[in-house]
1. So what's the net charge close to residue 277: Lys and Arg +1, Asp and Glu -1, counting the other residues with Cβ under 10 Å from its Cβ?
2. Taking all protein chains in place and a 1.4 Å probe, what share, in percent, of the accessible surface of segment 162-287 do carbon and sulfur account for?
3. Considering segment 215-340, what Rg and Dmax in Å follow from its alpha-carbon atoms?
4. Averaged per residue, what accessible area in Å² does segment 175-269 show with a 1.4 Å probe, protein chains only?
5. Work out the FRET efficiency for residue 346 and residue 97 from their Cβ-Cβ distance, taking R0 = 41 Å, and round it to the nearest 0.05.
6. For residue 359 and residue 210, what does the FRET efficiency come to when R0 = 25 Å and r is the distance between their Cβ atoms, rounded to the nearest 0.05?
7. State log₁₀ I(q)/I(0) for segment 251-314 at q = 0.18 Å⁻¹ as given by the Debye formula over alpha-carbon point scatterers of equal weight, solvent excluded.
8. Could you work out how far apart the two model spin labels at residue 75 and residue 111 are, taking each label as a point 7 Å from the Cα in the direction of the beta carbon, and quote it in nm?
Amino acid sequence: MKRIAPRAACASAWTRVGAVTVPRARATLAAQPRLRAWSAALACSAILASTASAPAAAAEASYPDHPITVVVPFSAGGDADLAARNLAKAVHAYLPQPLVVLNKGGANGAIGSMFVRDAAPDGYTLLLARVGSQAILPALQADLKYRWDDFTPLGLLDLNPMVCVVNGDAPYRTLGELVQAIRAQPGKLNYSTSGPATVLNLATQILLDAAGLSPRSAVQIVYKGGGEATAAVLSKEVQFSCNNVTALIGNVKAGRLRALVTTTAQRLPELPDVPTAKETGYPQLERISGWSALYGPPGMPAPLVRKWGDVLQKLAKDKDWLAGVRNIGSIPNVMPPAATARFAQDQYQLFRDLGKKLDIQIK
């Protein structure tokens, strides 16, 4: 029987789409599940790496020999930027070269994401991946120029749980009381978001759906960003909002806002009196959370993927990094590359199914 060389066999697993190398199954939309195709292509990266030329192998062995850029697909000062800068500060202890943060915002994170998607897979251009740009956009925007799995996953970093809040003077003391008020006065209560296809709106829609209420039982008021959405609750322009805990925790601790629920399995140490989604009777909310991950361009060599996997596992025990994550209201949750791929697929499917059910699309 004719033997097929590993490099020749793996060549059939990848193809070119424009300037980008992607798994052939992805390009041809084969019936095989996308995650399986993605995993097979990554496995082929390992085979190709083992047959790489001597110069390429030497470059991988010396990696990194100059600074690495981590692209944040959002503006400076937000949750993604803070996560990237905390990462850059901490990994300096485990790599001989610095990690340099580059903010490349625009188009809800699509511009920075495409910049990394099209970069050389040499490990020197990475992406601070976020739920909005890597799961929600691919799930809800049909004309998006990249897919949820158009990257090499290096590891999940943290979770950014959601908290639903009302004004500190509001009559609603529990989530049940808020839901009952919405049920009794459909279309009368308003909630603030930063857009229809954001976790702020989707968290509220999951809550309404779980309570057996229509998507329009409460009225969405859209603001420019999460900060403005929070300010709307403080000024009583709206009655409630579900937002990342990072954007709310200061006002909650000061009593200006009242937190009714967190989308976590356990109570947050920073907000020990706020019940979890399961405790309030709405465990469906546990599925929605912000998150940060580290991605590379497609086709990144297996040795570099393993190296970053090892670095992130060390980071998971680093007291300074852990403290930095918790200080911005996030939960450390480092995952290896394969688990990160499964997590990303689950998130993509969650928002795709939710978008179909509630007829939410980004145009």
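The values are calculated or read from the model by the stated rules, or taken from the named source; none is laboratory data. Predicted model only: the values in this text are computed from it and were never measured. Every residue, glycine among them, receives a Cβ derived from its backbone with ideal geometry; neighbour counts consider all protein chains shown. Areas reflect the complete protein model, heavy atoms only, side chains present, ligands, DNA and RNA absent. Shrake-Rupley method; radii C 1.70, N 1.55, O 1.52, S 1.80 Å.
1. Its environment carries a net charge of 0.
2. Heavy-atom surface of segment 162-287 belonging to carbon and sulfur, 1.4 Å probe: 50 percent.
3. That works out to 17.9, 53 Å for Rg and Dmax.
4. Accessible area per residue: 40 Å².
5. Here the calculated transfer efficiency is 0.80.
6. According to the calculation, E is roughly 0.90.
7. Computed log10 I(q)/I(0) values: -0.75.
8. 1.1
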